[in-house]
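The values are calculated or read from the model by the stated rules, or taken from the named source; none is laboratory data. Here the structure is a predicted model, which is why all the values come from computation and not from measurement. Every residue, glycine as well, gets a Cβ built from its backbone with ideal geometry; the counts of neighbours run over all protein chains shown. For the accessible areas, the whole protein counts, side chains as well, though only heavy atoms, and no ligand, DNA or RNA atoms are used. Shrake-Rupley method; radii C 1.70, N 1.55, O 1.52, S 1.80 Å.
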Amino acid sequence: MVTVVANQKGGVGKTTTAANIGVLLARQGARVLVVDTDPQFALTRQLGLEICSLGVNLVDVLAGRAAAIDAIVAAVHGVDVIPGARELAGVEMSLVGELGRERFLRDALEPVLDGYEHTVIDTPPNLGLLTVNALVCADLVLAPVSAEDEASLHGIVELRNTITRLAERLGVPAPELVPFLTRWQRHRISSRSAEVALIAECLAPAGRIPSRSALIARAAARRVPLALSEPDSSPAIAYRALTELLAEVNAR
């Protein structure tokens, strides 16, 4: 199953989600591939990889210079990783004039996907071609929505529209869209308002990740996913519940 983590709004927890979901699925015994399609390559860094020390990354794969299997860095906190790099921005621009430009990532990953029970793809904070390429791969789209940022609510509505239009254009079923709240605080009006707004859009949140910014920042600085560095913290427990949902969907 391919899970894409997406929202066109930045700062909502996409990378943190991708890292934690990936390692938690691996902890459950699944073989997991994590793919970083963001030119900011935050997921690559958050998993402790130094891009300058890697010979091959997703840029080489999408440019046709290497196969996906050659870009895989094995056994990073229990998951395999295809790292990103800042040159992905240039690759995205070069795809604009290409025939079948929405399918480049799918075609590149196809030879390795069968080797994994779960593939988790992190995306840039926009709905550009790199995100569209990721959405074409998706069986399920996880959409983090910040309970503190109204713009991220608008972002998920636009994401839903993009998923629908893309599926219609390609003649394929649309992947399931699963929203969840990040930076959630039970007693804050903004958190309650965000949840009500999602429900009004028929996008009831599948989970709520509590706001523990210091813990998340510390995990990012250590380059160890929160689920491993602080496994008993409330965000880690919430991510485990979200991971169980993914396992249920994969078992259908």
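Overview of values
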quantity: Where L62 falls short, out of the listed (1) buried (at least 24 other Cβ atoms within 10 Å of the Cβ); (2) within 23 Å of N250 (Cα to Cα); calculated: (2)
quantity: Cβ pairs under 6 Å, 6+ apart, first in the range 195-224 and closer than 14 Å to S146 by Cβ, second of a type in the set (G, A, S) and open to solvent by 40 Å² or more (accessible area, probe 1.4 Å); calculated: G207/A241; P210/S234
quantity: Residue match in the range 193-202 (condition: assigned to a helix (DSSP H, G or I), open to solvent by less than 40 Å² (accessible area, probe 1.4 Å), within 30 Å of E50 (Cβ to Cβ) and not hydroxyl-bearing (S, T, Y)); calculated: no
quantity: Every residue from the range 11-34 that is within 26 Å of G155 (Cα to Cα) and either out of contact with any helix residue (DSSP H, G or I) (no Cβ under 8 Å at 6 or more places or on another chain) or open to solvent by 20 Å² or more (accessible area, probe 1.4 Å) (or both); calculated: G11, G13, K14, T15, T16, G22
quantity: The listed residue being over 19 Å from the mean Cα position of the chain (by Cα), within 30 Å of A89 (Cα to Cα) and either surrounded by fewer than 20 Cβ atoms within 10 Å (Cβ to Cβ) or at pLDDT 90 or above (or both), out of P144, P179, P173; calculated: P173
quantity: Matching residues in the range 35-48 - criterion: being assigned to a loop (DSSP other than H, G, I, E, B), open to solvent by less than 20 Å² (accessible area, probe 1.4 Å) and more than 10 Å from T123 (Cα to Cα); calculated: L47
quantity: Residues satisfying the stated conditions in the range 85-107, i.e. within 21 Å of L43 (Cα to Cα) and either modelled with pLDDT under 95 or open to solvent by 30 Å² or more (accessible area, probe 1.4 Å) (or both); calculated: A85, R86, E87, L88, A89, G90, V91, E92, F104, R106
quantity: First in the range 20-47 and more than 22 Å from L130 (Cβ to Cβ), second anywhere and part of a strand (DSSP E or B), Cβ under 7 Å, 6 or more apart; calculated: V23/V79; L25/V32; L25/H118; A26/V32; A26/V79; A30/H118
